[in-house]
Structures are given as structure tokens and as C-alpha cells.
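The values are calculated or read from the model by the stated rules, or taken from the named source; none is laboratory data. On a predicted model such as this, the values are computed, not experimentally measured, just so you know. Counting neighbours? That spans all protein chains shown, and the Cβs are built from the backbone with ideal geometry, glycine included.
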Amino acid sequence: MSEVVQSTGSAATRSARRTNWARGFYRFRQNPLSVVGLVIVVLLLLLALFGEYIAPYPEHLNGELNVANRFQPPSAEFWFGTNEVGQDIFSLVLAGARISLLSGIAVIVVATLIGTFIGVIAGYFGSWLDEVLMRFTDLVLTLPALILAMAIAAGLGPSIPNMILALALAWWPGFARMARGEVLSTKAELYVLAAKAQGGGNTRILTRHILPNITSPIIVKMSLDVGFAILAVASLGFIGIGVRPPTPEWGVMLSVSRSNLPHFWWTAIFPGMAIFLSVLSFNFMGDGLRDVFDPRARR
Amino acid sequence: MLRYALFRIALIAPLLIGLSMLVFVIGRVLPGDPAGLAAGPYATMEQREAIAAEYGLDQPIPVQYWRYITGVLEGDFGRSLMTRRPVAGDLAGYLPATLELVFFSLFLAILIGIPLGLIAGIRRNSATDMTIAAGTLSAMSMPQFFLGLVLQLIFGMMLSWLPLSGRLPFIVSPPPGVTGFYTIDSLIAGDLTAFRYSLLHLILPALTMALAPIATIARIMRSSTIEVLQQDYVQTERALGLPSSLILFKYVSKNAASATLTLIGLYVGWLLGSTVLVEKVFDWPGIGLYATNAILNQDFNPVIAVTLAIGVVFILANLVVDMLYGVLNPKVSNKQ
């Protein structure tokens, strides 16, 4: 039945979809904070891609030192001041956007893939497979994500890909639970039963009928989680696991700056504000996306 | 209620077994070459094999797990390579410091968060409400290690009002250990100087940890206050002329209790995880700092032990929270 509707009404579907987008964007605009969040997120993503090229002192990003200018306070020459080896903190913070943002996004993408896979399998096939997978998910949830990620990262050894993997391995259970719940309710829909009655195989039903219908809550959760993943990446950098100095990562920069306080406060404040601002803007944007996809959650 | 309690307690055993397996896999299987790590980078092949034999690392994994878990049940978590002491002893020293911090920050969160949420709920959509809303949203995005540094910078370094780090100054000797909480132990010993200092040392790290929970509990409290104020029975009592403060106290205090429970359930794990960061910033000698140093030194026994300890505390805390929910709301306990 769904096939027939698809083949006859594709133009109508397309225009309905467009109306949906317009309505979604309208809902998103209703909350000014979400728009502010979106604007900052776009700016941050641009910085993550092109930050290196607009940095006023690109040579500092390759580890060049300028000890004569160490600990310069913020000025017209050095907007955010300089650090203990005379590098321009503004340039370093710009370059840090790439590592922090891309790692944070990578963590969520990997966690979503793992979690959705496990959750969909558990929810769709049910019975003992569901029991085993969900009990395992609950088990992973008994450990705080940061602690679990630290332990895994320690076992895997320090490197950026390992840090991303460790965080993703600690992060997937939330997605698994959500995906399972969504699959359980979608599975009972008439169109899925119809597809089954027509003899559709499991793969076809999963990829054509179930997955497309559970993507919006997953996208909302992804966007809400990216901010916290950026925070987690910075946290691991601050602790000293994951990204290592002299790589310009915000958490690492904060960790190094501790010994420069209180006199050289700018070495801590600017990287810290960068983390705060990016987490905040992703959270604002995520709130707006939730309003769009899940109007019931609005207050 | 009793049946529910027994059911919940019975569920703990398989959870603990699963947790210990998970932690064992992370700590012993993931590193690939634990014997090599324990022997150090300059060890010869023979030295490595000797260490592997000594720690039983040459045995099959199930045998290793069995040995490990029977050891843990006897209170033996192995030795730390870094401190050369048994991990169990280290843990006994560091865990109370962490728990004191966690309890104190939960206390602060409730003390500050509930009134904030109440005010925001009563003055809904006013400027005060908006300010509180903006503040709580920002608080949730604030990295703790950054907040900790800023608080240190302002209150410790610039104003010199509060101590920067540690649990007590060097000149003050810790009170004799009863609970391991310096604030309580010093009161038991009647040592007011130690009490004052340990409380002062607690404020900044606990406030750092409490900020996000304060924001959450304020949000929960705000929406439950709004909900209560819209109920018919509240409107009726108002119409009858009962003072609003009395009405608020009567209905909102119950909500405060359940908001607090929700908060604890949500945040115990989060707080335990964040001790790693906050303890590093404030040099707080708890299990978070212990685990961090162990990881940086590739010292796995403490890492496994801390992970296990945190998992156990988390499971127990959630058990208590769920039981109290059952007390507050009998519908919950009847479900099972």
C-alpha cells in the first residue's frame, strides 16, 4: 500500500515536506535563544574549518615560540594576550575550535552509530536478544560516562582517535535506549505490519520503514549531546588523557594555564570562555531543534 | 513495600557481577600487555614473564577473572605500582574525602536550588524568572574545571577569602578518623578549629560541583511549583482566603522532597564522575584525583578499583533513591 502512495503522490509529498520545513523553521525562530545558538554554532563550525587561515600568528600554531613576548596581557597586537612561551592565545583558541568541535561531533556520530545499531536490533528482534543487549546497556550506564571513558582511554593509550573512541564507547547507551524505544513503537505501526504482510524482509523493513521514522528524535538527541561531548573532550584534555600539549586544544590550554594564575589570568579565561560559549550555543540550538521535532516537550 | 525492597536488593547481585566483569575487561584485557606495562618500558622479556607469572597474567582470562574477583571479595584489589601500597588501603583513605565532597555539594544544591526554583515559579515570566532561567541554562554549560579555576582566581587568589586547595592547611592536623568526613569527625572530636578549616576548604570545590545540580533542581522546582499553583484545590483554598505562604508550604514542600530525590537520582553518577575534574582543580585528595594520577602513570589496579567503587556507590545510591520514591509515592512500589 505504501508503495502505491509513494508512486502516485511524490509531488504532493515533496510540497508537504517543504511546508514541514517551513513550519519547523518557524518554530525554531520562535525561541530567540535557539537562533543565537544556531548563529554561534555556524560561526564556530566556520572557525573549525578555516580558523587556521585567519589566525593572526599562524606560525605559533606550528609550535614556534616567541619567548621575548611571553605573558603579554591582551592588547591590540595580541587580542587574548600571550602564553608562557609567547604564543598568541587568540590564534591558539581559533585553532582549538577545530580539534574540540570535530572531536565532539565525531564522538556523537560514532556513539549514535553504535547505540542506534544496538537499540534497533534489540527493539526489532526482541526476545532474548533484546534482554541481553539491554541488560548490557544498563550495565554500561551504571558507570559515569567520564570515568568509563577515562578508563577506556587509559587502556587504549593516548591519541585523539583513541580518545574519540573511548568517549563514544561510554556514550552509546543513551542512544541505544532511545532507538530501542522508538523502534518498539514504530514496529507496531500499520505500515510496518503492511510491509511485513507483503513479504518484506527484515532488512528492507528496517531500512525503508523503521529507520526513516526514528531519525528525528535521534537527530535531536545528537544535537543536544554535541555540546556535552565537546565538554567531555575538553575535560579529558584537562585531565591529561587524550589530546596532549602542545596541541592547541581548549582543555589542554586551561590545564597548562593553571600554573600561570593569578597574574596571567588571560591564559585561562579565553580558552575557558571558548569551551563555555561552544557548549552553551550547542545547548541553545539543541533546545530549539527539540521544539521543532518534538512540540510536546515545549513549555 | 517490603516485597519491592527485596526485589530491588536481589537485583543488585547480578548487576555487581556484570559490573566487575566489565571493569575487569577494561582494566585487564583492553591494555593488551598489562605485564609489559607493569614491568616498565625497559624490562627484558624474562622480567616481563616473571611479572606475568607473579600476577597470574599468564593464566587464561576466566581464571584471571576468578582470581581477581575472589581477591576483591576478600578486600584485596592488588597493589598500586605508583604508591607501592595495597589499593584497598588507598581507597579506604580517599573514598571518604570524595563522598564528603559529593554530599556537601548535593546539600548546597538543595539549599540554593529549591528556593531559586520556588521564586521563579511564583513569579513566573517576571524579570526574576527570566534571570534565573538564563542563569540556570548557562550554569549547565559551564565546564566545571573552568568554573573551579575562576572561583579559585576570584575568591582564593584575588580576595583571599577562601583556601585554594586541599582539605586542611598543613598546620592543622586532621581529626581522628571515625567517618572519614573531616567536618563530622572534627565535631565528634570537639575540634572547632579543624571544623572551621575543613568547612572553608569544602566551600569552593563543593560550589563548583553544585552549580549544574542547582540549575537542574531549580528547573524541576519551578515547573512543579507552577503546576501546583494551577491546581483546582489550590485555587479553591486561595478563594477561601488562606494565606499563599501557607498554601505554598503545604503543597510545595512535598514537591520539594520529590524534586530532591529526582535530582539525587539524576546527579549521583554525574557528581561521582565530575569528582575527577574538580578534585584535580582543587587538589582534593579523593578517589578522582587518585584515579587520574593512576591513569597518567598507567597504573591499572587503582583504576579498576576506583571504577568499581564508583559503580557500587552509584548502584547503592540509586537503590536508596528508588526506595524513597516508593515511600513518597506508593504507586511506584505497587508496579513491581
Counting only residues that are under 17 Å from residue A:235 (Cα atoms) and either more than 10 Å from every other protein chain (Cβ to nearest Cβ) or in contact with a Leu (Cβ under 7 Å, 6 or more places away or on another chain) (or both), the stretch B:290-323 contains a total of 1
For this session: Kindly establish whether residue A:105 is farther than 22 Å from residue A:42 by Cα and either in contact (Cβ under 8 Å) with a residue 24 or more places away in the chain or away from chain B (no Cβ under 11 Å) (or both).
Result: no
Exactly one of B:78, B:135 is on the phi > 0 side of the Ramachandran plot and not hydroxyl-bearing (Ser, Thr, Tyr), and that one is B:78
Log entry, pairs with first residue in the stretch A:127-139 being closer than 14 Å to residue A:179 by Cα, second being part of a helix (DSSP H, G or I), beta carbons closer than 6 Å, six or more apart or on different chains, reads A:130/A:122; A:133/A:118; A:133/A:122; A:134/A:122; A:137/A:173; A:137/A:176
Exactly one of B:34, B:41, B:14 is modelled with pLDDT under 75 and more than 17 Å from residue B:304 (Cβ to Cβ), and that residue is B:41
Output for Cβ contacts, cut-off 8 Å, separation at least six or different chains, first residue over 10 Å from residue A:214 (Cα atoms) in the stretch A:173-184, second charged (D, E, K, R) and assigned to a helix (DSSP H, G or I), reads A:173/A:138; A:174/A:221; A:174/A:225; A:175/A:221
inquiry  = Against the condition free of Cβ contacts under 8 Å to residues at least 60 places away in the same chain and either away from every other protein chain (no Cβ under 14 Å) or over 27 Å from residue B:82 (Cα atoms) (or both), how does residue B:258 come out, does it pass?
reply    = no
In the set B:263, B:240, B:246, the lone residue that is among the hydrophobic types (A, V, I, L, M, F, W, C) and buried (at least 18 other Cβ atoms within 10 Å of the Cβ) is B:263
For the stretch B:312-323, does any single residue satisfy the condition of being in a helix (DSSP H, G or I) and buried (at least 21 other Cβ atoms within 10 Å of the Cβ)?
-> yes
Here the residues within the stretch B:89-113 that are among the aliphatic types (A, V, I, L, M) and either over 23 Å from residue B:208 (Cβ atoms) or modelled with pLDDT under 85 (or both) are B:91, B:92
(1) in contact with a Lys or Arg (Cβ under 8 Å, 6 or more places away or on another chain); (2) within 11 Å of chain A (Cβ to nearest Cβ) all hold for residue B:271 apart from (1)
Taking the stretch A:136-169 and keeping residues under 19 Å from residue B:265 (Cα atoms) and either at the interface with another protein chain (Cβ under 9 Å from one of its Cβ atoms) or out of contact with any helix residue (DSSP H, G or I) (no Cβ under 8 Å at 6 or more places or on another chain) (or both) leaves A:138, A:139, A:140, A:141, A:142, A:143, A:144, A:145, A:146, A:147, A:148
Counting only residues in the stretch A:250-277 that are more than 7 Å from chain B (Cβ to nearest Cβ) and in a loop (DSSP other than H, G, I, E, B), the one surrounded by the most Cβ atoms within 10 Å (Cβ to Cβ) is identified as A:264
Taking the stretch A:229-249 and the residues there that are facing another protein chain (nearest Cβ under 9 Å) and part of a helix (DSSP H, G or I), the one that is nearest to residue A:171 (Cα to Cα) would be A:231
Residue B:51 passes all but one of the listed conditions (1) at pLDDT below 80; (2) touching a helix residue (DSSP H, G or I) at 6+ places or on another chain (Cβ under 8 Å); (3) part of a loop (DSSP other than H, G, I, E, B); (4) more than 14 Å from every other protein chain (Cβ to nearest Cβ); the exception is number (3)
So residue B:306, is it in contact with a Phe, Trp or Tyr (Cβ under 7 Å, 6 or more places away or on another chain) and part of a helix (DSSP H, G or I) = yes
Filtering the stretch B:276-288 down to residues that are more than 8 Å from chain A (Cβ to nearest Cβ) and crowded, with 22+ Cβ neighbours inside 10 Å yields B:278, B:279, B:282, B:284, B:286, B:287, B:288
If you go through A:226, A:192, A:256, the only one that is within 26 Å of residue A:41 (Cβ to Cβ), of a type in the set (Val, Ile, Thr) and assigned by TED's automatic domain parsing to the domain that holds residue A:124 is A:226
(1) surrounded by fewer than 18 Cβ atoms within 10 Å (Cβ to Cβ); (2) in contact (Cβ under 8 Å) with a residue 40 or more places away in the chain all hold for residue A:221 apart from (1)
Every listed condition ((1) crowded, with 18+ Cβ neighbours inside 10 Å; (2) in contact with a helix residue (DSSP H, G or I) (Cβ under 6 Å, 6 or more places away or on another chain); (3) free of Cβ contacts under 8 Å to residues at least 60 places away in the same chain; (4) within 30 Å of residue A:242 (Cβ to Cβ)) holds for residue A:192 save (4)
Those residues of the stretch B:126-149 that are within 27 Å of residue A:263 (Cα to Cα) and surrounded by fewer than 17 Cβ atoms within 10 Å (Cβ to Cβ) come to a total of 1
